[in-house]
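**Q** Can you read through this structure? Questions will come right after.
No value in this document is a laboratory result; all are computed from the given coordinates. Remember, predicted model here, so these are calculated numbers, not experimental data. Neighbour counts are summed over all protein chains in view; Cβ atoms, including those assigned to glycine, are modelled from backbone coordinates with ideal geometry.
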Amino acid sequence: MKIAIINGPNLNLLGKRETNIYGSLSFQEFLDELKNKYPEVSFTYFQSNVEGELIDKLQKVGYAYDGIILNAAAYTHTSVGIADAVKAIEIPVIEVHISNTYSREEIRHQSYIAPNAKGIIIGFGLQSYELALQSFLINK
Ligand code: DQA
């Protein structure tokens, strides 16, 4: 199974950024653990702080992989372009968030991606990504 994990802006700072909210593990450390735990999965990982680059990546993997785990970070709440890309591509996208966005500021309660996502997993720390992966594995 080929799974793409796509992270949006500021998620390159995981481990150093607002550790009270996002934890102290870097995404690379977490990804290494995930790869060890699920050797049967072929992962590609992409992070960008640039909206258009995220759209390019969604288009690129959107016809070639089995599923996408997408944390569009702040663009979740603002980007019609990313929402349109999620709608356009053929493979299922699971929207994830590390923090419970609904327990935070109101601007984070709105997701442009959710209406076109297969499902959303929010608020379980980095485990949100693993839960999304398990959903793809169960439904394969
Ligand atoms: C986030 C939540 C977003 O509101 C925020 O802008 C992020 C991270 C999360 O994973 O909890 O950068 O997507």
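**Q** Which residues does a label at Arg17 reach in region 46-79, if reach means a backbone N under 20 Å from a point 7 Å past the Cα toward the Cβ?
**A** 46-58, 69-79
**Q** Moving on to the next point. By how many nm would the segment from Tyr45 to Ile138 lengthen if fully extended, with 0.36 nm per residue of separation less the alpha-carbon distance?
**A** Once the chain is fully extended between Tyr45 and Ile138, it gains 31.4 nm.
**Q** Then there's this: Suppose only helical runs count, i.e. DSSP H with n ≥ 4. What mean residue ellipticity at 222 nm does that imply for the chain under -39500 (n - 2.57) per run, divided by all residues and rounded to the nearest 500 deg cm²/dmol?
**A** Theoretical 222 nm ellipticity from helices: -9500 deg cm²/dmol.
**Q** For region 118-126, in order, what is each residue's ³J(HN,Hα) by Karplus, 6.51 cos²θ - 1.76 cosθ + 1.60 with θ = phi - 60°, in whole Hz (x at glycine and Pro)?
**A** 5, x, 10, 10, 9, x, 9, x, 5
**Q** Can you tell me what percent of all Cα-Cα pairs in region 2-138 are more than 22 Å apart?
**A** When every Cα pair of region 2-138 is considered, 30 percent fall beyond 22 Å.
**Q** Got the relative contact order for the chain handy, in percent, Cα pairs under 8 Å and 6 or more residues apart?
**A** Averaging sequence separation for qualifying contacts and normalising by length gives 25 percent for the chain.
**Q** Moving on to the next point. Provide the FRET efficiency to the nearest 0.05 for the Thr78-Glu53 pair, computing r from the beta carbons and using R0 = 22 Å.
**A** Once the sixth-power term is evaluated, E becomes 0.90.
**Q** Name the longest site-free stretch of the chain, where the excluded sites are GluC sites (Glu not before Pro) in a DSSP loop with no more than 16 other beta-carbon atoms within 10 Å.
**A** 41-89
**Q** Just grab the label-to-label distance for Gln28 and Glu106, each label 7 Å out from Cα along the Cβ direction, in nm (one decimal).
**A** It works out to 4.1 nm between the two label points.
**Q** Right, here's the next one. Can you list the chymotrypsin sites (Phe, Trp or Tyr not before Pro) in region 35-66 that are in a DSSP coil and have 16 or fewer other beta carbons within 10 angstrom?
**A** Here the chymotrypsin sites (Phe, Trp or Tyr not before Pro) that fit, given the DSSP loop and packing criteria, are Tyr63.
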